[in-house]
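Participant: Let me give you the structure first, and then I'll get to my questions.
Every number in this text was worked out from the coordinates using simple rules, so none of it is lab data. From a predicted model like this one, the values you see are computed outputs, not experimental measurements. Counting neighbours? That spans all protein chains shown, and the Cβs are built from the backbone with ideal geometry, glycine included.
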């Protein structure tokens, strides 16, 4: 079964992290992708260009570069990249994270036996600085019915772990602009259409996090994003309105807390 990998990168990314990410989806993978679509989301720095050019020379028939004149943001960049993916199965990858060697083998093998699935994800570990320094595990439900219930409260997939069907994603309009939550927005719209989804119990990806990542998830922009999420849930009839707007308050109030209080709350909620 042929499949593409879709990744976007912008100028603030660390060149070394991008290289490690590409190594993890090519050199270190048991089952290699048929295509890697790399969207350059606006002009990049020299270090990133050097890494990308090295990879272009290394796998010229695999790496497809899509260059954008200006930075459009993750959602719009992925939408453009989606159109350039040659295969119906598309694996999402972040430019600073790691896919474990068996990721694509396990996911593609499962999809061959379950072609009806619209999205297939996995469990994820989070690390700081190096992969030996794992600081958290983000576990998500595996079964379709549990994923639906979970999605009412939190994103039901680890977005960098997913493989989805291009035809289904495009049929619902692809990614939409939703600051900080393009992936969650997409997942809710897929689920609302009745598409079948699944997470494997295996931990197949590792996400790079910073000590201050959760501290940054605060402020008025995040609250606006939470409000957009609440309105989306209401339009999709995910829950009754009382539950939706009660949850909006529950999710928004921590955004007003000092950063040093926000990190412990997020780590507690993700256990």
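Participant: Treat the count of other C-beta atoms within 10 Å as a stand-in for reagent exposure and order 48, 22 from fewest to most.
Facilitator: Placing the least packed residue first, the sequence is 48, 22.
Participant: Give me the angle, in degrees from 0 to 90, between the Cα long axis of helix 259-269 and the longest principal axis of the Cα atoms of the chain, rounded to the nearest 10.
Facilitator: The angle comes out near 90 degrees.
Participant: Relative contact order of the chain, please, whole-number percent, based on alpha carbon pairs below 8 angstrom and at least 6 residues apart.
Facilitator: 20 percent
Participant: Between residue 246 and residue 139, what is the label-point separation in nm under the 7 Å Cα-to-beta-carbon projection?
Facilitator: With each label placed 7 Å out from Cα toward Cβ, I get 2.6 nm.
Participant: Could you line up 209, 134 from fewest to most neighbouring Cβ atoms inside 10 Å?
Facilitator: Ascending number of Cβ neighbours within 10 Å: 134, 209.
Participant: Something else about it: Compute the acute angle (0 to 90°) between the alpha-carbon long axis of helix 46-58 and the principal axis of greatest extent of the alpha-carbon atoms of the chain; round to the nearest 10°.
Facilitator: So the inclination is approximately 60 degrees.
Participant: Right, here's the next one. Angle between the Cα long axis of helix 74-84 and the longest principal axis of the chain, 0 to 90 degrees, nearest 10?
Facilitator: It works out to around 40 degrees.
Participant: Using volume of the Cα convex hull per residue in Å³ as the read-out, say which of [x] 186; [y] 148; [z] 124 was calculated from these coordinates.
Facilitator: Only one listed value fits the structure, namely [z].
Participant: On to the next question. Checking the a/c ratio against 1.5 first, then a/b against b/c, what shape does the Cα gyration tensor give for the stretch 74-203?
Facilitator: rounded
Participant: Shape of the stretch 43-101 from its Cα gyration tensor (a ≥ b ≥ c, root eigenvalues): rounded if a/c is under 1.5, otherwise prolate when a/b > b/c, or oblate?
Facilitator: rounded
Participant: Which of 204, 253 comes first, and how do the rest follow, when ranked by fewest Cβ neighbours within 10 Å?
Facilitator: Ordered by Cβ neighbours within 10 Å, fewest first: 253, 204.
Participant: Return the calculated 222 nm mean residue ellipticity for the chain, to the nearest 500 deg cm²/dmol, obtained by summing -39500 (n - 2.57) across DSSP H runs with n ≥ 4 and dividing by the residue count.
Facilitator: Calculated from helices alone, the mean residue ellipticity at 222 nm is -12500 deg cm²/dmol.
Participant: Taking only Cα atoms and a 10 Å spring cutoff, compute GNM fluctuations for the chain and point out the largest among 90, 36, 62.
Facilitator: Per the Cα network of the chain with a 10 Å cutoff, 62 tops the list.
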